[in-house]
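The values are calculated or read from the model by the stated rules, or taken from the named source; none is laboratory data. All of these numbers come straight from a predicted model, not from anything done at the bench. Quick reminder, even Gly has a Cβ in these numbers, built from the backbone with ideal geometry, and neighbours come from all protein chains shown.
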Amino acid sequence: MTLHAETSPPPGPPQPGLQVRGRSFMALVMTPEVPLAAWFADLDAQLRDAASLFADRPLVVDLSRAAAEGRDAVLILLDGLETRGLRIVGLEGASPQLLTSTHWERLPTQLHGREVAEVRAPRRPAAAAPPPASLLIDGPVRSGQSVVFEGGDVTIVGAVASGAEVIAGGSIHVYGALRGRAIAGIRLGAEARIFCGRMEAEMVGIERLYRTAEHWGPDLHGRPAQLRCDRGALRLSALD
């Protein structure tokens with residue numbers, strides 16, 4: 001399952017492979033895979049383990065892969081997302097004609113004026129250098145911003161504000177306060193970690209395991225900390 005977060009771009013010049021487009025809201029971008037039955041099973045597991053990741057978040061669905069299977073597959077997909085209570089606000093990657101005479105045809109299918117900060121492997125000749133394995137943000141991530149880098153580690157020389165979000169394929173290193181949401185290990189899995197100079201997060205997670213602020217108590221609040229996976233559970237510990 002592929003998720004991206006729509007966002008304002010991180011401060012500073014764009015990094016290699018960083019794509020920035022316009023935006024008018026903050027949303028998750030979901031790219032369903034085929035076969036749909038296996039993808040829905042994966043989504044249901046994600047909803048059980050991390051319902052708060054989707055709670056009240058507008059969702060843009062990229063239909064490019066489902067559309068290749070035809071109109072019926074697209075409608076089954078959208079109906080399945082709707083029955084799971086997900087709030088779909090826009091569609092991409094499919095012709096509007098696929099949605100004619102359905103209640104989905106009212107949704108925009110070309111979201112001009114939105115802004116996406118997401119890191120993907122850039123299109124390049126075969127002989128070009130490989131995409132970067134890490135992303136460095138030299139400054140804070142402000143409220144309402146979301147940084148998504150599936151290629152590896154994310155290092156932030158600054159704070160992550162409340163209402164901001166960082167999602168990394170590998171580990172996350174925050175040299176200031178972590179007040180927003182941080183999710184590591186999208187690709188690396190349970191080997192990923194989260195480090196921060198001051199733990200004040202709203203939610204942290206590695207792969208499919210998530211914890212919110214009320215689950216680690218006041219003893220760790222405001223202290224340097226690390227989050228790691230240990231035998232299928234999340235362990236949060238102080239670093240000072």
Checklist outcome for this item: Expected single match for at pLDDT below 90 and assigned to a strand (DSSP E or B) among 148, 166 is 148
Checklist entry - Restricting the search to the stretch 149-169, which residues are of a type outside the set (D, E, K, R) and closer than 15 Å to residue 204 by Cα? => result 154, 159, 160, 161, 162, 163, 164, 166, 167, 168, 169
Item to check | Single residue of the stretch 45-78 satisfying the filter (surrounded by fewer than 13 Cβ atoms within 10 Å (Cβ to Cβ) and of a type in the set (D, E, K, R)) that is modelled with the lowest pLDDT | outcome: 56
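So, residue 159, is that one crowded, with 22+ Cβ neighbours inside 10 Å and in the same structural domain as residue 144 (by TED's automatic domain parsing) or not?
Yes, satisfied.
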Item to check | The one condition in (1) more than 29 Å from residue 43 (Cβ to Cβ); (2) surrounded by fewer than 17 Cβ atoms within 10 Å (Cβ to Cβ); (3) at pLDDT 85 or above that residue 240 fails to fulfil | outcome: (3)
Next on the checklist: Please go through the stretch 162-176 and give me each residue that is surrounded by fewer than 21 Cβ atoms within 10 Å (Cβ to Cβ) and either touching a residue at least 40 places away in the same chain (Cβ under 8 Å) or not assigned by TED's automatic domain parsing to the domain that holds residue 200 (or both), ordered by number.
Outcome noted: 162
Next on the checklist: If I ask for residues that are under 17 Å from residue 210 (Cβ atoms) and either in contact with a strand residue (DSSP E or B) (Cβ under 7 Å, 6 or more places away or on another chain) or assigned to a strand (DSSP E or B) (or both), which ones from the stretch 175-193 would you list?
Outcome noted: 178, 179, 180, 181, 182, 183, 184, 185, 186, 190, 192, 193
Checklist entry - From the list 179, 211, 187, which one is closer than 19 Å to residue 141 by Cα and of a type in the set (Lys, Arg)? => result 179
